[in-house]
Every structure is written in structure tokens, then in C-alpha cells.
């Protein structure tokens, strides 16, 4: 099987498998989430080997962000350079999850210590195919198991908060130029997901400029209060 065909098939299979990461029980520990990402990597590696490919052949991968709601808590999980927000009635209490790129605190030092080479805001490594905007992900095995560079990590940012503490919505976005504060303020001014998403898109088009991005993601969800 060619590498291109394998990558195409892999992308179709990754999302259902990643959904298994959901914290479905009330006593689930967020610290266990990294183990789930590692398990996902193991599954993908097994498929690589069955396809006659090696880790060095695979430079494709995926970021992952999710908000998991139980009856008592909101779990925020993010791996990679997506933007994930928890929006509060009081903007001083908004939560912005850590993004995994070279601008995150301590991330440049970690990446360079693992053999990563930073240039123009992106990372590559000696003998590693591809250039990466994010520094943590599922997949991207060529940057995890290379001989000279092993800078890609599966360690996510995780945070758990009690529900009904004034948080009104969550948002995951990628590829947008609008500021964090502008996105959260637009969500705060609206009351439903569709209208909020349209407001963010209009702001991006008319006041910021869409620019060029490999992909764009925008998902807004308002929380029900009891």
C-alpha cells in the first residue's frame, strides 16, 4: 500500500477512534487522558506496520481538542495548536487552554532539547520529513521516533471545572486571526451556537481578514444550566 493511500484511510479512521478518549464516568481522572492518546498512537502504529510502513514513513497526524461534560464537571482537553476557550459571564474568569506551539511557555526549550529545529515559527528535525506548526499531536511518528529528533509529544493540556460556576460556553477554533478576547466577547454577546459562529466569521472577514490557512475549525457550544 502506498503512503498516500494509507494516510487517506487513516484520516477516515482517526476521528471515531479518538472519540474513545471521552471521560464517560464521574470519577474519571484527567491525568489518564495522556495514556489514551498513547494507546491511540499504538493503534495507528500497528496499522502502519500491517501496511508494510514504518514510523519514519508517517509524517501525518492530528491535533485533538474536546470539551467533555458530565453531570457535575466540564473537562477541557487539548493537544496541539487549536484554540480552546471556556467562556464565563465575567470575562476576567475566562479560561484559555494552552496551545502547543513554539510560543507556549517552555515549549521552545523542550522542542530544541529533543532535536527540533525552529525556523519562521515552525519546527522540523534532522532526518524528519515535513515541517510542523504544532509541537504535540496524535501521529506524526516521524517526529516522535526519528533517530535525530523526537520532539513531538502526546502530553495534552487538561483542566476540569465544576459545572454551574458561571461558564456559559466552550469554543474550539483553528486557523483564525481574530484575537482570543474578540472571539470570547462575541460568544458572550450571543446565546446560541449558530449565531455566535456567524458573528465570529463575520468579524474575521470584515474586521480582521481571513488570510490563508491550511484548515479552519470553528465549533461553539453553549452549556445548559440547571
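The values are calculated or read from the model by the stated rules, or taken from the named source; none is laboratory data. Keep in mind the model is a prediction, meaning the values are calculated, not measured. A quick note on method: Cβ atoms are made from the backbone with ideal geometry, for glycine too, and the neighbour counts reach across all protein chains shown.
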Check your understanding: Looking at the range 10-18, is at least one residue buried (at least 19 other Cβ atoms within 10 Å of the Cβ), modelled with pLDDT under 80, over 17 Å from the mean Cα position of the chain (by Cα) and farther than 23 Å from residue 222 by Cα?
Key -> yes
Review point. Any residue in the range 151-164 that is at pLDDT 90 or above and under 14 Å from residue 85 (Cβ atoms)?
Key: no
Practice item. Residue by residue through the range 187-196, note down the ones that are farther than 15 Å from residue 96 by Cα and touching a helix residue (DSSP H, G or I) at 6+ places or on another chain (Cβ under 6 Å). Key: 190, 196
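Can you pull out the residues in the range 155-191 that are assigned to a strand (DSSP E or B) and more than 16 Å from the chain's Cα centre (by Cα)? Working first, answer last.
Applying the first criterion (assigned to a strand (DSSP E or B)) to the range 155-191 yields 157-162, 167-174.
Those that are assigned to a strand (DSSP E or B) and more than 16 Å from the chain's Cα centre (by Cα): 160, 161, 162, 167, 168, 169.
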Exercise for review: Kindly check whether there is at least one residue in the range 121-128 that is under 19 Å from the mean Cα position of the chain (by Cα), at positive phi and surrounded by fewer than 21 Cβ atoms within 10 Å (Cβ to Cβ).
Suggested key: yes
Exercise for review: Please specify each residue of the range 142-179 satisfying the condition of being surrounded by fewer than 15 Cβ atoms within 10 Å (Cβ to Cβ) and within 30 Å of residue 60 (Cα to Cα).
Suggested key: 147, 148, 155, 177, 179
Review point. What pairs can you find where one residue is in the range 25-51 and closer than 21 Å to residue 136 by Cβ, the other is assigned to a helix (DSSP H, G or I) and modelled with pLDDT of 80 or more, and their Cβ atoms are less than 8 Å apart, with a gap of 6+ or different chains?
Key: 41/141; 44/141; 45/141; 48/141
